[in-house]
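The values are calculated or read from the model by the stated rules, or taken from the named source; none is laboratory data. Note that this is a predicted model, so its numbers are computed, not measured. No Cβ is skipped: glycine too gets one built from the backbone with ideal geometry, and neighbour counts run over all protein chains shown. Surface accessibility is based on the protein's heavy atoms, side chains included, excluding ligands, DNA and RNA. Shrake-Rupley method; radii C 1.70, N 1.55, O 1.52, S 1.80 Å.
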Amino acid sequence: MTGGDRETGLPAGRPSGLLGREVAGYRVEDEIGRGGMAVVYRAHDLRLDRTVALKLLAPELARNDTFRKRFAHESRVAASIDHPHIVPVFDAGETEGVLYIAMRYVAGQDLAALLGREGPLPPAKAGRIAAQVASALDAAHAHDLVHRDVKPGNILVAEGTDGDHPEHVYLTDFGLTKKSLSLTGFTTVGEFVGTLDYVAPEQISGKPVDGRCDVYGLACVVFETLAGAPPFRRDTDWAVLWAQQYDPPPPLSELRPGLAGAADAVFARALAKTPEERYGTCLEFVAELRAALLSGAGATQWEPGRGASGSSAGPVGPPPAPPAWARPVFREV
Ligand SMILES: Nc1ncnc2c1ncn2[C@@H]1O[C@H](COP(=O)(O)OP(=O)(O)OP(=O)(O)O)[C@@H](O)[C@H]1O
Ligand SMILES: [Mg+2]
C-alpha cells in the first residue's frame with residue numbers, strides 16, 4: 001500500500017521545475033516539502049506582496065470527483081475558521097488542472113521533523129503542543145469539520161511568543177487526505193495512501209466519521225510525542241490496520257517509565273475502538289491526560305511554561321527575541 005515512492009505526479013524528482021514560475025498569481029520560490037499527494041512551496045503572493053505557502057495537489061486528485069468536491073467544500077470551511085492554532089487559508093482553486101491552496105507560511109518545522117530531531121518530548125512540551133492542537137480540532141468540530149488526518153506532518157511548530165509559550169502550534173490540511181477515499185475503496189492497488197499510524201478504526205472500516213476520529217488521531221500523536229513512537233508500530237501496513245482495529249494500545253507507563261500509570265487509562269479511552277467510548281472532545285482528553293500525569297510520580301512535569309519543573313520549562317531571564325512572524329510588528333514599535 002505504501003509501496004513505491006511518494007510519487008505525486010507533480011514535477012517529481014525535479015523540484016526546481018517550478019521555481020521562479022508564476023502559478024495562479026504566486027511566484028514559486030522554494031520547495032518546502034512534499035508528501036504523498038502534494039508539494040508545498042514557499043511562494044510570493046504577487047497581488048498582496050507577501051510570502052505564502054502554496055500547496056499544489058497531484059493532478060490525479062483533480063480528476064477524482066469525490067476529492068474535488070470535498071476539496072472545494074473543506075477549503076471553504078477551513079478558510080472560514082479563524083483560530084490561532086489553525087493555519088489560515090488565503091485562497092484555494094484550480095489552475096491548469098491542478099488544485100492549489102495558498103495559506104500562511106509558517107516558519108518552523110513540522111512535528112514529525114521535531115520528533116525526528118528531539119525524540120520523545122519532555123511531558124510539559126508534549127502537553128503544550130497537545131493542548132494547542134486539541135483546541136484547533138475542537139474549534140473545527142464546532143464548525144462540523146472533521147480533520148481526518150491528524151498526524152505529526154500536519155502539525156506545524158513555530159516559535160512562540162515568550163518563555164511561557166515557547167512554541168506556537170498550527171494544524172493544517174483539513175480534509176486533504178486520500179485515506180478516507182482509499183480505505184473505502186476508491187484507490188487503485190499500489191497507490192500511495194499515507195501513514196496508517198494515526199488512522200481510527202472507523203476510518204479503516206469505512207464507517208461514517210465524526211470529530212471522535214480526530215480524538216483518536218490526536219491520541220496517537222500525543223502518545224508518540226511521549227513514547228517516541230505511535231501506539232501501533234508493526235512491520236507491515238496490514239498489521240498496522242489490524243492493530244488499529246483490534247489490539248489494545250501498549251501501556252505508555254511501560255514504554256516511558258516515570259510517567260504516571262494513570263495516563264494509561266486515559267490513552268485506553270482516547271484510543272477506544274468504538275467512537276462512543278472515547279472522550280467527547282479533544283480538550284477533554286488533554287485535560288484528563290494532564291490530570292493523570294499530575295497525579296503520579298512525574299507530577300510536576302506536565303506543568304506548562306515557566307513554572308514547570310520538567311526539562312522543558314521556559315527559560316528564566318529576559319524574554320527571547322520575537323518569533324519570525326512577529327518581527328514586522330516589533331519593528332514598527
Ligand atoms: N503552511 C505551511 N507553512 C510552512 N510549511 C508547510 C506549510 N504547510 C505544509 N508545510 C510543510 O510541507 C510539508 C509537506 O506537506 P504535505 O501536506 O504535502 O505532506 P505531509 O502532510 O507531510 O504528508 P501527506 O501527503 O501524507 O499528507 C509539511 O510536512 C510541512 O513541513
Ligand atoms: Mg500535510
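Structure data summary
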| read-out | value |
| --- | --- |
| Two-site FRET efficiency, Ala72 against Leu19, from Cβ-Cβ distance with R₀ of 35 Å, rounded to 0.05 | 0.80 |
| Derived scalar couplings ³J(HN,Hα) [the stretch 259-270; Karplus, 6.51 cos²θ - 1.76 cosθ + 1.60; whole Hz; x for Gly, Pro] | 7, 4, x, 4, 5, 4, 5, 5, 5, 4, 6, 5 |
| Residues of the stretch 23-80: accessible area per residue with a 1.4 Å probe, Å² | 45 Å² |
| As computed over the stretch 18-61, the Cα convex hull volume per residue (Å³) | 63 Å³ |
| Per-residue ³J(HN,Hα) for the stretch 197-211, Karplus 6.51 cos²θ - 1.76 cosθ + 1.60, θ = phi - 60°, Hz, x for Gly and Pro | 5, 10, 8, 6, x, 6, 5, 5, 8, x, 7, x, 10, 9, x |
